[in-house]
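Read the structure below first, then the notes.
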Amino acid sequence: MYMKKVILACFTLLLVNAIFGQNGNSESFGIKGGLNYSTVTKGDFNEGADPRTSYYIGFFGEVPIVRNVLSLQPEIIYSRQGFENNYTTILGSTYTQEYRIDYINLPILAKIHIGSVFSIEAGPQFGFKINEKIKTNDNATVNNDVNSFDTALAGGVSFNIDNFLISARYTYSLKEVIKDTDSKNSVFQLGVGFRF
């Protein structure tokens, strides 16, 4: 719990600096959103899990370290993740369960600029679970099988055109997402953003 508070405090300082420390060509701040294509690694799911498609939305800051070359990009993102799993009953009928797992994710990424348009980014991401449901047909139940804190590695690319950006990113968890299963989050994101 102490480590989570330290991470949250450090992230808040970085984002506040990016928002309120703007002075022309230095720090910047923006909004972004897009599609999530998420699943979990096989773990204890014998046949593997199917992906869930949903969305993410949030804010980002950019703090230059070496101007036009290297910057730090903290973000705060609401991310709807999860996966689907198919089951077969003893009578031979099948049904699908959709695991809906929502996070507040805090990526802190190093961003390398290659020219004025293209950039690559990588770094750690810290996720706080805020909601967890399992949907079967028309029924949804609240569960507590998913760990409340997720640590992941994130990497991606961005194309920057004036104040607009198009980004693609992949994140992979370093710890299991569902307790005692050894399954880890695996999320591909594609989105757009606007820098103020």
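For the pair I120 and Y37, the difference between a 0.36 nm per residue extended length and the Cα-Cα distance amounts to 27.9 nm. Ranking Y103, Y170 from most to least accessible surface, computed with a 1.4 Å probe over the protein chains only, gives Y170, Y103. Gyration tensor over the Cα atoms of segment 53-196: the corresponding equivalent ellipsoid has semi-axes (square roots of 5 times the eigenvalues, largest first) of 35, 15, 13 Å. Straight Cα distances below 20 angstrom link K111 to the aspartates and glutamates E27, E62, E75, E121, D162, with same-chain residues fewer than 8 positions distant left out. Counting 0.36 nm for each residue step from L190 to V66 and taking away their Cα separation leaves a gain of 42.0 nm. For segment 112-191, applying the loop criterion from DSSP together with a ceiling of 15 other beta carbons within 10 Å to the trypsin sites (Lys or Arg not before Pro) yields K175, K179. Spin-label model, D162/K133: points 7 Å from Cα along the beta carbon direction are separated by 4.0 nm. For K133, the aspartates and glutamates whose Cα comes closer than 15 Å to its Cα, not counting residues fewer than 8 places off in the same chain, are E84, E98, D102, D145.
Note on I112 and Y170: the model spin-label points, each 7 Å out from Cα along the C-beta direction, lie 1.7 nm apart.
The values are calculated or read from the model by the stated rules, or taken from the named source; none is laboratory data. If you're wondering where the values come from, they're calculated on a predicted model, not measured in any experiment. Quick reminder, even Gly has a Cβ in these numbers, built from the backbone with ideal geometry, and neighbours come from all protein chains shown. Please note that ligands, DNA and RNA were not included when accessible areas were found on the heavy atoms of the full protein model with its side chains. Shrake-Rupley method; radii C 1.70, N 1.55, O 1.52, S 1.80 Å.
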